[in-house]
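A short write-up of the structure that comes next.
The values are calculated or read from the model by the stated rules, or taken from the named source; none is laboratory data. Because the structure is predicted, anything quoted here is derived from the model rather than measured. Every residue, glycine among them, receives a Cβ derived from its backbone with ideal geometry; neighbour counts consider all protein chains shown.
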Amino acid sequence: MTEPTSLEDLERQVLRPTPPSSTRIVRWVVSIAILGPAIWSALGLNISMERILGAPADMWNIVRLMFPPDLTVGYVGKRVLPKVLESLYIAWIGTMIGAFFSFLLAFPAAKNISSRWLAFTVRLLFNAIRAFPELLLAFIFLPIFGLGAWTGTLAIGIHSIGTLGKLSSEAIEGIDSGPLEAIRSAGGGWSSVMRFGVLPQVLPTIVAYWLYRFEINLRVSAFLGVIGAGGVGAEMLNQINFRSFQKVGAVLITVIVVVLIIDTISAALRRRIIMGKVEEVAAPEVFVRPETAEIL
């Protein structure tokens, strides 16, 4: 770089160069592409500023009617807790169904250990399953299995297959191929590669996905009861219909407490599975010669 000979040359070297105009155009295009559909969607939903400003007051009126909640033993112990436990059972069995079938289908869906067309077919199946939310699946199963917990269990279990299958197959695709090549070079077959090369690498992550999906399924099972698919949602809907807002508050508090407890336990288990046991490493001892104070 040459020495500046004038003030104009110094400013030209010190000041930041002007960014290209194409960058500004791209920013404007991206901003319009994001804000435009958002504004169009808001207009299609008839969202007015009056409704937005009045929403906090309306919500506060509902919350005020819920207090003090009816936390009596006769209601919470005999009506709410059995329904909360039913939601817990639905979420657990649904997660087990999703975990079992997704675990079997995740291996043929992984591109690094399966053929191209087989992986494409199984992934297409996962996408088709995920296209139907749990609520829609429950509506489909209601005429077949009727009202009750079994409908909600199947809806949660089938949707979990699509989600867990996608996550598990992606975890398998991210493994280190070195152990697999070592097993093959030693004469190991496909089963040995899966048993000793793939499973040890992906099983902790997959189990963590199962626990995380159980947390989601517990929340889903809580509102599936609104349509008669079992769980605590039916009790909440009944109390809302009868305008017993104090009982609604008791249901909400019980559900929140149970969900927080399950989430805390599940998060601790997932952290232990992924990270393992953290052991404290003792600091190395430093020996000093008293006469010379030299560190060895």
Fill in the blank from the handout: Subset of segment 219-238, residues free of Cβ contacts under 8 Å to residues at least 40 places away in the same chain and either at positive phi or out of contact with any Gly (no Cβ under 9 Å at 6 or more places or on another chain) (or both), comes to N238
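The rows are residues; the columns are (1) within 20 Å of the chain's Cα centre (by Cα); (2) farther than 24 Å from E170 by Cα.
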residue: M49; (1), (2): no, yes
residue: I62; (1), (2): no, yes
residue: L65; (1), (2): no, yes
residue: L81; (1), (2): no, yes
residue: I113; (1), (2): no, no
residue: A128; (1), (2): yes, no
residue: A131; (1), (2): yes, no
Practice task
Within segment 142-161, count every residue that is free of Cβ contacts under 8 Å to residues at least 40 places away in the same chain and either surrounded by 15 or more Cβ atoms within 10 Å (Cβ to Cβ) or farther than 20 Å from Y89 by Cα (or both).
Solution key: 3
Problem - Flag for G230 being outside any helix (DSSP H, G or I) and modelled with pLDDT under 85 - result: yes
Problem - Residues that are outside any helix (DSSP H, G or I) and either among the basic types (K, R) or surrounded by 20 or more Cβ atoms within 10 Å (Cβ to Cβ) (or both), drawn from segment 94-113 - result: A110, K111, I113
Problem - From G188, G197, residue being assigned by TED's automatic domain parsing to the domain that holds A99, outside any helix (DSSP H, G or I) and surrounded by 15 or more Cβ atoms within 10 Å (Cβ to Cβ) - result: G188
Practice task
Say whether the condition of being part of a helix (DSSP H, G or I), at pLDDT 85 or above, aliphatic (A, V, I, L, M) and surrounded by fewer than 12 Cβ atoms within 10 Å (Cβ to Cβ) is met by at least one residue in segment 74-93.
Solution key: no
